[in-house]
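Here is the structure we will look at, set down as structure tokens.
Please treat every number below as a calculation from the coordinates, not as lab data. All values derive from a computational prediction rather than experimental measurement. Please note: Cβ atoms are built from the backbone with ideal geometry, for glycine as well, and neighbour counts cover all protein chains shown.
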Amino acid sequence: MRFFWSHPKPQQTPSCTPPSPFLFPVPPRTGLCAGTPSPPVFALLRASGEQAALGPTGGRLRLGPIEMENPYKEPPKKCVLCGIKVDYKNVQLLSQFVSPYTGRIYGRHLTGLCNKKQKEISKTIKRAQVLGFMPVMFKNTSFLTDPKICNVKY
């Protein structure tokens with residue numbers, strides 16, 4: 001008994017071409033659309049000796065993703081006081097970093113300052129308090145309406 005899978009398949013001859021999925025003949029692609037420059041352009045470039053005219057891929061189409069920066073990346077946080085000289089006599093600036101209720105200096109996580117400027121602000125506020133330019137236990141009432149530098153809600 002012979003089964004249909006035991007019969008050898010008929011061999012296709014290499015001269016057969018597969019049928020075209022198009023109803024009309026399509027010309028072969030040439031030029032930059034096919035991925036290589038057309039022969040006259042390539043000959044002109046070779047004669048002139050310029051390779052950079054085709055770009056970084058040498059005239060081929062790029063198949064991978066295009067390298068670019070992340071457009072959704074947030075800009076890095078900058079210190080508000082970097083580049084500003086802090087003076088103990090500038091009480092209005094120093095009072096922005098002091099709590100209006102307790103007179104305590106806000107921490108770095110609230111002020112958003114870098115480590116260097118936070119230490120400098122703390123030293124300067126203490127110096128202004130010792131020399132009598134700033135009150136110790138509360139914030140000066142004339143500075144309560146100033147705009148907030150820190151992201152503190154009070």
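Residue ranges 127-133, 146-152, 89-95 sort as 89-95, 127-133, 146-152 when ordered by packing (mean number of other C-beta atoms within 10 Å per residue, highest first).
Given a Förster distance of 22 angstrom, what is the FRET efficiency for residue 104 paired with residue 84, based on the Cβ-Cβ distance and rounded to 0.05? Intermediate results must be reported in sequence, preceding the final value.
On the way: r = 22 Å, r/R0 = 1.02.
Between residue 104 and residue 84 the formula returns 0.45.
The HN-Hα couplings worked out from phi for the stretch 97-109 by the Karplus form 6.51 cos²θ - 1.76 cosθ + 1.60 (θ = phi - 60°) are 9, 10, 5, x, 8, 10, x, 7, 7, 5, x, 5, 5 Hz, whole numbers, x standing for Gly and Pro. The convex hull drawn around the Cα atoms of the stretch 91-143, when projected onto a plane and averaged over every direction, covers 3.3 nm². Here r is the Cβ-Cβ distance between residue 138 and residue 77 and R0 is 25 Å; the resulting FRET efficiency, rounded to 0.05, is 0.25. For residue 104, neighbours were defined as the other residues whose beta-carbon sits under 12 Å from its Cβ, and their charges (Lys and Arg +1, Asp and Glu -1) total +2.
As a calculated quantity, the FRET efficiency between residue 68 and residue 151 at R0 = 30 Å, using C-beta atoms, amounts to about 0.45.
Between their Cα atoms, which of 78/119; 73/148; 78/139; 73/117; 77/116; 77/123 are more than 21 Å away from each other? Write out the running numbers ahead of the final one.
Working: 78/119 16 Å; 73/148 26 Å; 78/139 26 Å; 73/117 26 Å; 77/116 15 Å; 77/123 23 Å.
Check vs 21 Å cut-off fails for 73/148; 78/139; 73/117; 77/123.
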